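So the structure is just underneath, and the comments pick up after that.
The values are calculated or read from the model by the stated rules, or taken from the named source; none is laboratory data. It should be emphasised that the depicted structure is a prediction, and the values quoted were computed from it without experimental measurement. For neighbour counting, all protein chains shown are included, and Cβ atoms are generated from backbone atoms with ideal geometry for every residue, glycine included.
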Amino acid sequence: MAVDSDVRVVAGELPGEPVPYVVPSGSGRAHLLLGQVGRVLIGSEETSGVMSATTLSGPAAQPIPLHFHEVEDEYFFCVRGRIQVWADDESRVLTPGDVAIVPAGTVHSYATVDHNSMFMGPITPGGWDRFFDFCGTPYDQPLYPPVDASPPPFEKFGAAQQRFKMTFVRDKAYAEPRFDAPDDALPGKVAPYFLRAGEGPRHLLFGQVTFQLVTGAETDGKVAMTVTEGPAGAETPDHRHVGATEGIYCLDGRLKVRIDGHETELIGGDFAAIPPGTTHGLTIASDFARFATMYGPAGPERLAELGGEVAEQKIFPPLGESPAADQDKLRGAAAETGTEF
């Protein structure tokens, strides 16, 4: 990644306060646990308690114990490899771009199916990311070790149930994965669900197609996540969100992101943290780029829906062939989503 000298770059410990910063791929606050590495990209301290966002990578492994959270909602976005996720009586094997949404109270588990599998996503409210700190071992390498020689922290797991308000479920069977489910729509309410890559509502704005993976309707307004794809030169003009923290995770290609007047280039695996009120914008700097965006609380994920057009196709049009933004619609969408251009 290339970074302007005035953009803070975080290699390990996070800032501990809501300020703009960038986490290069393979960095962030990382801990090793049961052969897997959990990395925190943004935590409770950086979002005033609204959300956390983490990644987890590891080799093919057995599923972790079934459990549920009293408070937290979890969101699994498969970045690479395959991830199997269980949610109550359903299970899916996620491939890159697929998501699983697990609200609080849902009995769930996950397993990394392939070598070097990885998922990322937000957790709401913030704070549960400290589970890795509490149970794991600090880790400073980019992936995970060939062998994790540390013994399983059973005593810490027991204490973690109380500290993090989670309960392990030992008398429930792991459901077999389904491969015939459509998984092509949002439920419009708080419920566990799965969504295949390229499915769900999609809208065209600024020459880019934005796919809604989870909106405020599915999270009671707590958080939202989208994936946006576009061609070289497509530009989102500078703007700010009055009340929402934004996190941008580059999936493919290169993004030039402007943060408070300073430009940073993100490549795959890089993350930018943008607190409320921070002016930012971006330009796609490669032939094609794809990035996931998280908002906490929800609201700005509807900007393309309200200010753009329904995307009839699942791919963006050539640059210059997409419709120009309707300025009246865009002003209305900005007002409704707490966005200021």
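Is it true that some residue in the stretch 143-154 is out of contact with any helix residue (DSSP H, G or I) (no Cβ under 6 Å at 6 or more places or on another chain), crowded, with 19+ Cβ neighbours inside 10 Å, in contact (Cβ under 8 Å) with a residue 24 or more places away in the chain and under 26 Å from residue 228 (Cα atoms)? Scanning the stretch 143-154 turns up no residue that is out of contact with any helix residue (DSSP H, G or I) (no Cβ under 6 Å at 6 or more places or on another chain), crowded, with 19+ Cβ neighbours inside 10 Å, in contact (Cβ under 8 Å) with a residue 24 or more places away in the chain and under 26 Å from residue 228 (Cα atoms).
Does residue 105 qualify as being at pLDDT below 95 and more than 25 Å from residue 14 (Cα to Cα)?
On the way: at pLDDT below 95: no; more than 25 Å from residue 14 (Cα to Cα): yes.
Here the answer is no, as residue 105 does not meet what is asked.
Checking the structure you have, find out if any residue of the stretch 220-232 is among the acidic types (Asp, Glu), assigned by TED's automatic domain parsing to the domain that holds residue 312, assigned to a strand (DSSP E or B) and within 25 Å of residue 25 (Cα to Cα). For the stretch 220-232, residues among the acidic types (Asp, Glu), assigned by TED's automatic domain parsing to the domain that holds residue 312, assigned to a strand (DSSP E or B) and within 25 Å of residue 25 (Cα to Cα): present.
Residue pairs whose Cβ atoms lie under 8 Å apart, sitting 6 or more positions apart in sequence or on different chains, and linking a residue in the stretch 185-206 that is without any contact (Cβ under 8 Å) to a residue 60 or more places away in the chain to a partner that is assigned to a loop (DSSP other than H, G, I, E, B) and of a type in the set (A, V, I, L, M, F, W, C), are 199/185; 200/185; 200/186. Which one is farthest from residue 224 (Cα to Cα) among residues in the stretch 247-264 that are in contact with a strand residue (DSSP E or B) (Cβ under 8 Å, 6 or more places away or on another chain), in contact (Cβ under 8 Å) with a residue 40 or more places away in the chain and surrounded by fewer than 20 Cβ atoms within 10 Å (Cβ to Cβ)? If we take residues in the stretch 247-264 being in contact with a strand residue (DSSP E or B) (Cβ under 8 Å, 6 or more places away or on another chain), in contact (Cβ under 8 Å) with a residue 40 or more places away in the chain and surrounded by fewer than 20 Cβ atoms within 10 Å (Cβ to Cβ), then 263 is farthest from residue 224 (Cα to Cα). Quick one: would you say residue 126 is at pLDDT below 90 and either within 15 Å of residue 54 (Cβ to Cβ) or not in a loop (DSSP other than H, G, I, E, B) (or both)? So residue 126 fails the test.
When 22, 9, 37 are checked against the criterion of being under 15 Å from residue 270 (Cβ atoms), in contact with a strand residue (DSSP E or B) (Cβ under 7 Å, 6 or more places away or on another chain), buried (at least 19 other Cβ atoms within 10 Å of the Cβ) and of a type outside the set (Lys, Arg), 22 stands alone in meeting it.
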